[in-house]
Amino acid sequence: MTTDPVTADPVVRYERLGPVATITMNRPRYRNAQNSRMTYALDDAFGAAAADDGVRVVVLAGEGEHFSAGHDIGTPERDAHLPFARRAGLWWDHTATAGAEGRFARESEVYLGMCRRWRELPKPVIARVQGACVAGGLMLAWVCDLIVASEDAFFADPVVRMGIPGVEYFAHPWVMPPRVAKEFLYTGDRMSARRAYEIGMVNRLVPRGELAEHTAALAERVARMPRMGLALAKRAVNQAEDLQGLHAGLDSAFALHHLAHAHNAETAADPLGGMDVRAMKDA
């Protein structure tokens, strides 16, 4: 079990009730910001759900007020400099290299690579979203098959403020209409759960107090379908998205993402364009 070094609580909880496994991000004091420790704990949990024959559906949730505020760019447990065993790709260890090479190696693994890995889980995954679903939080929600959101949830990708074209798992033009995606990126503004529901990015919209119950009911409903049928239906839709250019589009946008990091490193204070958590909030 991977635990928070300060609280000793698991950074990800895994619970199974009947045919439904619930994976819960558990760094609520940091709005479930995702450090590498959490990312690999999520991978452990998704692996456990995949291997358990009794699990038919997976729910991905965030403890506390928010689903996830994104990647960890400033908490005391930020661990981007630490090595972890590679799972999602064959790039070398990022800690042995500097500059664009090291950043590309790390993000190929923990960001784009992990999201692609989880998207292919051959069981339905439902995101249970409340509060903030921002940047790296969006990536987690987007790899899920269904999204149930509370009425107070909001979605945002503000990383254009860093001079970067968008988050690493750049699914924007597939989860929303292209002109909406451009507005979403160009402004960095929050999209309400109501708006996300209207454009089809969210499947169900419910009051905050009913979020857990409604998501559980949906998961149990889906779990009654034949396992093989669900797996093949998921594969069919994912393949259709890839034929529409999702896989190639992700690779292309990921390259532009790292061009922006390298540009920032040459012209600004750091690869994030001098932006930290407070600056991103205040922009």
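The values are calculated or read from the model by the stated rules, or taken from the named source; none is laboratory data. Small disclaimer: the values here were computed from a predicted structure and weren't measured. In this analysis, Cβ positions are derived from the backbone assuming ideal geometry, glycine residues included, and neighbour counts consider all displayed protein chains. To get the accessible areas, we keep the full protein, side chains included, count just its heavy atoms, and leave off ligands, DNA and RNA. Shrake-Rupley method; radii C 1.70, N 1.55, O 1.52, S 1.80 Å.
Measure off, as a whole percent, the carbon and sulfur share of the 1.4 Å-probe accessible area of the chain, all protein chains present. List each step's numbers first, then the result.
On the way: 7200 of 13090 Å².
Summing carbon and sulfur atoms, their accessible area is 55 percent of the total for the chain.
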Just report the Cα centroid separation between the stretch 172-221 and the stretch 236-259, whole Å.
21
The stretch 61-85 to the stretch 120-153: how many Å between their Cα centroids?
16
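So, for the stretch 140-283, what is the accessible surface per residue at a probe of 1.4 Å, expressed in square angstrom? Numbers along the way, then the final one.
Numbers: 7630 Å² over 144 residues.
I get 53 Å² per residue for the stretch 140-283.
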Build a GNM of the chain with springs between Cα atoms under 10 Å: which of 270, 44, 79 gets the top mean-square fluctuation?
270
Tally Lys/Arg at +1 and Asp/Glu at -1 over every other residue whose Cβ is under 12 Å from the Cβ of residue 42; what's the total?
+3
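For residue 75 and residue 9 in the same chain, what is the full-extension length gain: residue separation times 0.36 nm, less their Cα-Cα distance, in nm?
Values: separation 66, 0.36 × 66 = 23.76 nm, distance 1.62 nm.
Result: 22.1 nm gained on full extension.
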Using alpha carbons only, how many degrees (0 to 90, rounded to 10) separate the axis of helix 36-51 from the longest principal axis of the chain?
30
For the stretch 130-251, just the Cα atoms, rotate onto the principal axes and tell me the three extents in Å, largest first.
46, 37, 21
Can you tell me the orientation of helix 227-243 relative to the chain, as the angle in degrees between its alpha-carbon axis and the longest Cα principal axis, to the nearest 10?
30
Toy charge model, Lys and Arg Cβ at +1, Asp and Glu Cβ at -1: the stretch 63-144 dipole around Cα centroid in debye, rounded to 20, equals 360
Using alpha-carbon pairs under 8 Å, 6+ residues apart, how would you state the relative contact order of the chain in percent?
17
For the stretch 1-128, rounded, prolate or oblate, judged on the Cα gyration tensor with a ≥ b ≥ c (square roots of eigenvalues), a/c < 1.5 rounded, else prolate if a/b > b/c?
oblate
Against the longest principal axis of the chain, how steep is helix 211-223, in degrees 0 to 90 to the nearest 10, with axes from Cα atoms?
70
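Can you say what percent of the DSSP beta bridges in the chain, counting only those with both residues inside, are antiparallel? Round to 5. List each step's numbers first, then the result.
On the way: 9 of 31 bridges.
In the chain, DSSP labels about 30 percent of beta bridges as antiparallel.
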Rounded if a/c is under 1.5, else prolate if a/b beats b/c, else oblate: with a ≥ b ≥ c from the C-alpha gyration tensor eigenvalues square-rooted, which is the stretch 196-283?
oblate
